[in-house]
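Here is the structure we will look at.
The values are calculated or read from the model by the stated rules, or taken from the named source; none is laboratory data. Computed from a prediction, not measured in an experiment: that's the story for all the values here. Cβ placement follows ideal geometry from the backbone for every residue including glycine, while neighbour counts extend to all protein chains displayed. Just so you know, the surface numbers come from the protein's heavy atoms only, side chains and all, with ligands and any DNA or RNA stripped out. Shrake-Rupley method; radii C 1.70, N 1.55, O 1.52, S 1.80 Å.
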Amino acid sequence: MKISLNSSASIPLVGFGTYKIDNEIAEQCVEQALTVGYRHIDTAEGYGNELGVGRAIKRSGLRRDDFFVTTKMWPGNPAWGDEVKSYADSLRALDQSLEKLGLDYVDLYLIHAPCAGEKRLQQWEALLEAQSSGKARSVGVSNFSIDHLEEIRRAGLPNPDANQIELHPWSQKPELTEYLAHNAITAIAYSSL
């Protein structure tokens with residue numbers, strides 16, 4: 001079962017997340033996930049396992065339009081001593097992810113967190129460019145609050161296709177999920193189990 005994103009891409013309702021799985025184990029786990037029927041694989045630059053995910057995808061023998069890949073750009077975080085990515089850095093990060101994954105495009109490309117401060121809008125504009133160029137079918141954000149999403153709206157930029165957030169019975173975020181629904185931004189749950 002799938003749902004449509006604003007970009008007309010369809011995302012499988014259940015995905016296989018690869019957080020905290022290193023490359024070698026990711027390759028085995030993703031290969032098994034694809035074998036048993038998962039068709040949405042979620043990874044991230046910050047997970048450090050895109051190479052393993054890419055190897056598993058290649059070994060699966062699936063046609064490209066038979067699976068959906070989400071990856072996320074780490075924006076940088078000054079509080080952690082990470083340099084914040086510029087517009088150009090954001091585009092380079094996607095190229096590096098595509099190379100590691102062995103793909104020409106990802107189905108969904110997200111800004112992993114809203115910690116880029118004044119460069120947050122530059123990063124969002126870079127993702128819109130990635131979508132326009134065909135390197136990302138859909139673009140979105142992760143862990144963004146209403147305030148962060150309103151910053152995009154106030155800048156006159158298109159809404160994200162999705163916001164990936166922690167969502168489960170003990171973290172329901174009713175105000176945020178209502179805002180997302182009202183603004184046609186798909187809520188994608190992580191840690192849902």
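Some notes on this structure:
- When the residues of the stretch 99-133 are filtered to those that are crowded, with 21+ Cβ neighbours inside 10 Å and small (Gly, Ala, Ser), the one that is farthest from LEU13 (Cα to Cα) is ALA116.
- Taking the stretch 1-12 as the range and being touching a residue at least 12 places away in the same chain (Cβ under 8 Å) and either of a type in the set (Phe, Trp, Tyr) or open to solvent by 80 Å² or more (accessible area, probe 1.4 Å) (or both) as the test, the residues that pass are MET1, ASN6.
- Residue match in the stretch 134-155 (condition: open to solvent by less than 30 Å² (accessible area, probe 1.4 Å), part of a loop (DSSP other than H, G, I, E, B) and touching a residue at least 12 places away in the same chain (Cβ under 8 Å)): yes
- Among the residues of the stretch 90-123, the one identified as assigned to a helix (DSSP H, G or I), in contact (Cβ under 8 Å) with a residue 24 or more places away in the chain and among the acidic types (Asp, Glu) is ASP95.
- Conditions (1) surrounded by fewer than 18 Cβ atoms within 10 Å (Cβ to Cβ); (2) within 24 Å of TYR19 (Cα to Cα); (3) not hydroxyl-bearing (Ser, Thr, Tyr); number of the one not met by LYS85: (1)
- Some residue of the stretch 13-20 being touching a helix residue (DSSP H, G or I) at 6+ places or on another chain (Cβ under 7 Å), open to solvent by 70 Å² or more (accessible area, probe 1.4 Å) and either small (Gly, Ala, Ser) or in a loop (DSSP other than H, G, I, E, B) (or both): yes
- Within the stretch 136-156, the set of residues being more than 13 Å from the chain's Cα centre (by Cα) and closer than 24 Å to ALA189 by Cα comprises SER145, ILE146, ASP147, HIS148, LEU149, GLU150, GLU151, ILE152, ARG153.
Quick grid of which residues meet (1) touching a strand residue (DSSP E or B) at 6+ places or on another chain (Cβ under 9 Å); (2) surrounded by 22 or more Cβ atoms within 10 Å (Cβ to Cβ); (3) part of a helix (DSSP H, G or I); (4) among the basic types (Lys, Arg):
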residue: VAL30; (1), (2), (3), (4): yes, yes, yes, no
residue: LEU34; (1), (2), (3), (4): yes, no, yes, no
residue: GLY37; (1), (2), (3), (4): no, no, no, no
residue: ILE41; (1), (2), (3), (4): yes, yes, no, no
residue: GLY46; (1), (2), (3), (4): yes, no, yes, no
residue: VAL53; (1), (2), (3), (4): yes, yes, yes, no
residue: LYS58; (1), (2), (3), (4): no, no, yes, yes
residue: ASP65; (1), (2), (3), (4): no, no, yes, no
residue: VAL69; (1), (2), (3), (4): yes, yes, no, no
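- Across the stretch 161-193, the qualifying residues are those that are under 18 Å from ALA9 (Cα atoms) and touching a residue at least 40 places away in the same chain (Cβ under 8 Å), and the one among them that is most open to solvent (accessible area, probe 1.4 Å) is ALA184.
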